[in-house]
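Chemist: Structure in structure tokens, see below.
The values are calculated or read from the model by the stated rules, or taken from the named source; none is laboratory data. Please read all numbers here as calculations on a predicted model, not as lab measurements. Please note: Cβ atoms are built from the backbone with ideal geometry, for glycine as well, and neighbour counts cover all protein chains shown.
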Amino acid sequence: MSFSADTDRQLLAACRAGEQQAFGSFYVRHREVLLSFLVRRVRNPEVAADLLAETFASALVAIKDQDRPVPDVPAAWLFTIARNLMVDAVGRQRVEGEARRKLGLERLQLDDQDIRSIEAVASSTDVVAELEKRIPAAEWQVFCARVLDDESYGHIASRLRCSEAVVRKRVSRAKSNLRTILGGRSV
């Protein structure tokens, strides 16, 4: 696993400039990792596939917005979109398709083979476990709480019985480690 944040940024900038195949390349680079993440969290291949489609559709809609900057670390940005959509889907008990509708995309229709393929990706691609192994436990814990679970620094500090400064430093170190692992320069 070696994704370059710089290359991802180049792909998204090219997409914004009208090179549609650039977004396809971005999709291919991240689809399995993101799908694995989603299947493990929602534990339902069909919901995970809907969330994956909506995540990439949302990313495409956002990247075409010239007023928004290209994200510094596109992989982290993509996971944040997925996480937010997942939280919304759990609350509504369905995956919204707003971005797909904006792009004129139909809802996915999965057959048994599609579902087996999704389950196979989830069982063979464990990028999150790999990151967890390579980032110190204390840093990984606060990074996940802050970035994936959207907890406030204060809440994390209270739960861990430490200062907010310690939590902020751990998140910063985790981001630095993530940059190194993913080959990027900024998270």
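Chemist: If the Cβ limit is 9 Å and pairs must be 6+ apart or interchain, which residue in segment 11-38 that is farther than 14 Å from LEU51 by Cα pairs with which residue that is among the small types (Gly, Ala, Ser) and crowded, with 21+ Cβ neighbours inside 10 Å?
Modeler: From segment 11-38, the pairs are LEU12/ALA59; PHE23/ALA59; PHE26/ALA59; ARG29/ALA75.
Chemist: Consider segment 153-182. How many of its residues are at pLDDT 90 or above and either part of a loop (DSSP other than H, G, I, E, B) or under 17 Å from the mean Cα position of the chain (by Cα) (or both)?
Modeler: Of the residues in segment 153-182, 3 are at pLDDT 90 or above and either part of a loop (DSSP other than H, G, I, E, B) or under 17 Å from the mean Cα position of the chain (by Cα) (or both).
Chemist: Which of the residues spanning segment 118-132 are touching a Phe, Trp or Tyr at 6+ places or on another chain (Cβ under 9 Å) and either charged (D, E, K, R) or at pLDDT 70 or above (or both)?
Modeler: Those that are touching a Phe, Trp or Tyr at 6+ places or on another chain (Cβ under 9 Å) and either charged (D, E, K, R) or at pLDDT 70 or above (or both): LEU131, GLU132.
Chemist: Determine whether segment 98-109 contains at least one residue that is within 17 Å of the chain's Cα centre (by Cα) and either modelled with pLDDT of 75 or more or closer than 17 Å to GLY24 by Cα (or both).
Modeler: The answer is yes; a qualifying residue exists.
Chemist: Considering segment 51-78 alone, what residues qualify as being of a type outside the set (Gly, Ala, Ser), touching a helix residue (DSSP H, G or I) at 6+ places or on another chain (Cβ under 7 Å) and assigned to a helix (DSSP H, G or I)?
Modeler: Answer for segment 51-78, where residues must be of a type outside the set (Gly, Ala, Ser), touching a helix residue (DSSP H, G or I) at 6+ places or on another chain (Cβ under 7 Å) and assigned to a helix (DSSP H, G or I): LEU51, LEU52, GLU54, THR55, PHE56, LEU60, VAL61, ILE63, PRO74, LEU78.
Chemist: Within segment 1-50, track down each residue that is among the hydrophobic types (A, V, I, L, M, F, W, C) and not in a helix (DSSP H, G or I).
Modeler: Within segment 1-50, MET1, PHE3, ALA17 meet the criteria.
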